[in-house]
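Everything below concerns the one structure shown next.
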Amino acid sequence: MSKRNNDHNSEYNKAVKDIWDKGQKSGYEYICFIDLATGKLVEPVHTDGDAHYVSPTFVEIDHLMSAPPDSIHMIHNHPTSSSFSAEDLRYSTVPSVRSTEILGHDKIKYTMMFKDGQRPLASEIKSTYDYEFGKGFPGYVGKVLRGEMTEHEARKAHSHEINQAMADKYGWEYRRN
Ligand SMILES: [Zn+2]
């Protein structure tokens, strides 16, 4: 492995550790964007001080809008350990965003690669996500009510299923590990 790759990996590893440590401590969501050309973070890891939501800074938005296609990787944590939300998948509409990952607090990791897939409009992403959500929802409610799953387990499994369907539909590469 080249020196350059090592540097890239160390920035990435530092960012992952930073998000993990801060998220575990506060229970909030944290986010950062890595410029894959330089291996550097666009801005330091940050939060909105919320357990279910985090937004990019204006500097990050500006960078995402001007960066070349498929040159940015986004990382954030989910204290709930659920997979990507419809809002998270809206980053696929930004051509510079190549891929994204979630660090779930249950030590679960989700990765979505948008590169080589479709980049539908945000409105379509939302409606497809809502449709897939609605398809699985009654089944998971039943499982929780019958005591076969906890609500937490059901939300995790359901969001994973939705993301599998989204990846199939739009040609994205999705992994959970
Ligand atoms: Zn998210």
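Just a few scattered comments:
- Going by neighbour counts of Cβ atoms within 10 Å, the residues 148, 29, 101 line up, fewest first, as 148, 101, 29.
- Rotationally averaged projected area of segment 1-116 (alpha carbon convex hull; nm²): 7.0 nm²
- Between residue 26 and residue 58, the simple label model (points 7 Å from Cα in the Cβ direction) yields a spacing of 2.1 nm.
- Rounded to the nearest 20 debye, the dipole size of segment 65-177 about its Cα centre is 100 debye, using +1 on the Cβ of Lys and Arg and -1 on the Cβ of Asp and Glu.
- Orientation-averaged projected area, Cα convex hull of segment 70-159 (nm²): 6.0 nm²
- Using θ = phi - 60° and Karplus 6.51 cos²θ - 1.76 cosθ + 1.60, couplings along segment 20-34 (whole Hz; Gly, Pro as x): 4, 4, 5, x, 4, 6, 9, x, 9, 7, 10, 9, 7, 10, 9
- Lysine pairs in the chain with Cα atoms under 20 Å, if 8 or more residues apart or on separate chains: 28
- Relative contact order (%) - criterion: Cα under 8 Å, at least six apart; region: segment 43-126: 27 percent
- Magnitude of the charge dipole for segment 1-115, about its Cα centre and with charges confined to Cβ atoms of Lys, Arg (+1) and Asp, Glu (-1), is about 440 debye.
- Working from Cα pairs under 8 Å separated by at least six residues, relative contact order for the chain is 18 percent.
- Segment 117-174 versus segment 11-70: alpha-carbon centroid distance in Å: 25 Å
Each value in this text was obtained by applying a stated rule to the coordinates, not by laboratory testing. Values in this document were obtained by computation on a predicted structure and should not be read as measured data. Note that each Cβ is placed from the backbone with ideal geometry, even for glycine, and that neighbours are counted across all protein chains shown.
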